[in-house]
Amino acid sequence: MGLVGKRLFLLSACLAAWLPFVGRPLFIDDHAHFREAVLRGLDPARPYDERGLGWRPGEPPGEANPPIYFYLVGGITRVLGPHPGRIHLALISLHLLGMLAFFSLARRYTRHPLWASLLWLTTPHYWLTANSLLLDSLLAPFFLIGLWGWISGWENRSSVHLAVGALFLGLTPLVKYTGYLAWAVVGLWAVLNGHRRDRRWLWSLIPLALSAAWLTWSGRVYGGSHLAATASASVVPFDFSRLSDLLVFFLVSTPVALIGLISGSAALGAASPANGLAAVRPGRAWDRTDALLFAWVAAGLAGLLFARGWVCARYFVVVGPAAILLSVRLSENARWAESRAFRSAALGVLAASGAVLAAADYFQARVDRNAARDLEAARERLSTDVHGCYPAALLSGLSAYLPPDRWRPLEPGEKPSRGEAAAIPLRQLPRAFWPDVGDMRPAALFSYRSPLPVRLQDGPTGAGWYGSVWGHHPLSLTTAPLETYLFLVPSPATGDSAPRDPTKK
């Protein structure tokens, strides 16, 4: 297969992986990110809203991320409307460019670039994040396009490529501050390849200027730079227990790294004193690349240890590309990757496991949209004039699908207003976050199941794919319902204290 054919095959595989999930509903943090993006599309004069997870002058930032995602997605919503499915489709082109950038890097550093690219495409932490509207979904393509443009520009002395690389390297940390890792990667690449002094470094003024502009703007609006305010609130001291969480989450959400570890050990074991490491690592240029990729992964994981007090699987999109490239190189050095059967089997197993997790994520995200439909129907059956309420601390996207003129959030311990109905999730939300519904009576019960026994976010079984603060395992196995919503009404409105399931006739 020629180069053009490989690229077309890769793009077709991307569409096959992403399009089935293009209708994935908002879930966990998606709804907060998407809501802020819609607001920025309507009011672009200020970088953050002063409500919810925004930023109020004189207070620590509620939103810990810079604004590029919010302005980009907000601008798209102004054109296409605030419909998540349309935004997914609009962003696919950016994801495709990011995948082509990865393929170009893989051509430089591996002998099997198409295989490496397909492994990256189906890596669970990337696949699930690309299916979402989390702002992290933009981090990988921006990072990869910037890195490709910078390296290609230096190697080919192309001002166009350097300009593209510099622009995206500047935008990457303005998606999320962990994107500053891209600057360290290109800097180390330049040092390892002897590019310490060259006029082409002047292109680095573009990313520096973009960051300086953002820090200056946020400082003028809020009295201090957003980066400094976020760092003071987010950076935490080293905790050894968090290291185990980080490594478990990384290996489960990036299983190809296990192939790299095993094949690397096998390759080193196969090197004999007679032929030395030359049989394993063919040439100094490969050694420099190995050093770059290893440092990329190590620096990224080390930085994540000090960010917040927990870890999410999506955080690894900044180190995933290096982990895949390094793992492929190690399997090539061990001669395993020279076998088409090995490559096919490894890709088949890893892609199948990634597909299961992507499907499990879709089924769990779908609960919020279906629950909003059922709860709203239950409210209307009481009376079109009755309003409803739900816990403000919901770990879901339910609020994005309930009509805001008929439903409102309640803080923990807050009582519903007289005559209001209430919706309470029984499985995922701890009672400490419930409003005070002690005077209300159950009127209906809505339970939602998945055809798959895999859970990515499930408090009772300890699954915390979207945040180890909610569970110390990336995933879990259970046949219990995904969620069960209890629909409550004021005591005088019902004479039956036992809940009924309206899905049963």
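Values in this text are rule-based calculations from the coordinates and carry no lab data. Because the structure is predicted, anything quoted here is derived from the model rather than measured. Positions of Cβ are generated from backbone atoms using ideal geometry, with glycine treated the same way; all protein chains shown enter the neighbour counts.
Averaging Cα coordinates gives a centre for segment 131-185 and one for segment 400-426; these two points are 42 Å apart. Estimated from the Cβ-Cβ distance and a Förster radius of 51 angstrom, the FRET efficiency linking V248 and A45 is about 0.70. With R₀ fixed at 25 Å, the C-beta to C-beta distance from A352 to R111 puts the FRET efficiency at about 0.55.
Peptides 5-16, 353-364, 142-153: what's the order by average Cβ count within 10 Å, highest mean first? Intermediate results must be reported in sequence, preceding the final value.
Numbers: 5-16: 14.5, 353-364: 20.5, 142-153: 24.8.
Top of the packing list down: 142-153, 353-364, 5-16.
The modelled label-to-label distance for the pair L19/L208, using points 7 Å beyond Cα in the direction of Cβ, is 4.6 nm.
Between the beta carbons of R56 and L215, assuming R0 = 25 Å, the FRET efficiency works out to 0.85 to the nearest 0.05.
The simple spin-label model puts a point 7 Å past each Cα toward its Cβ; for E155 and A266 those points are separated by 2.7 nm. Across segment 101-338, the relative contact order, built from alpha-carbon pairs under 8 Å that are at least six residues apart, equals 26 percent. The charge dipole of the chain, taken about the Cα centre with unit charges on the Cβ atoms of Lys, Arg (+1) and Asp, Glu (-1), comes to about 1420 debye, rounded to the nearest 20. Extension gain for S232-F433 works out to 69.7 nm (0.36 nm per residue, less the C-alpha to C-alpha distance).
Report, in deg cm²/dmol and to the nearest 500, the calculated mean residue ellipticity at 222 nm for the chain, where each DSSP H run with n ≥ 4 adds -39500 (n - 2.57) and the sum is divided by the residue count.
Numbers: 16 runs with 270 residues, N = 505.
Computed mean residue ellipticity for the chain: -18000 deg cm²/dmol.
The length gained by stretching the chain between S339 and S93 to full extension, at 0.36 nm per residue less their Cα-Cα distance, is 85.3 nm.
Counting beta carbons within 10 Å around each of V22, V4, V38, V318 and listing the fewest first gives the order V4, V22, V38, V318. Note on W201 and L188: their simple-model spin labels are 1.9 nm apart, each label 7 Å out from Cα toward Cβ. The relative contact order of the chain comes to 15 percent, based on Cα pairs under 8 Å that sit 6 or more residues apart.
Among L119, L243, sorting on how many other beta-carbon atoms sit within 10 Å of each Cβ, with the fewest leading, yields L243, L119.
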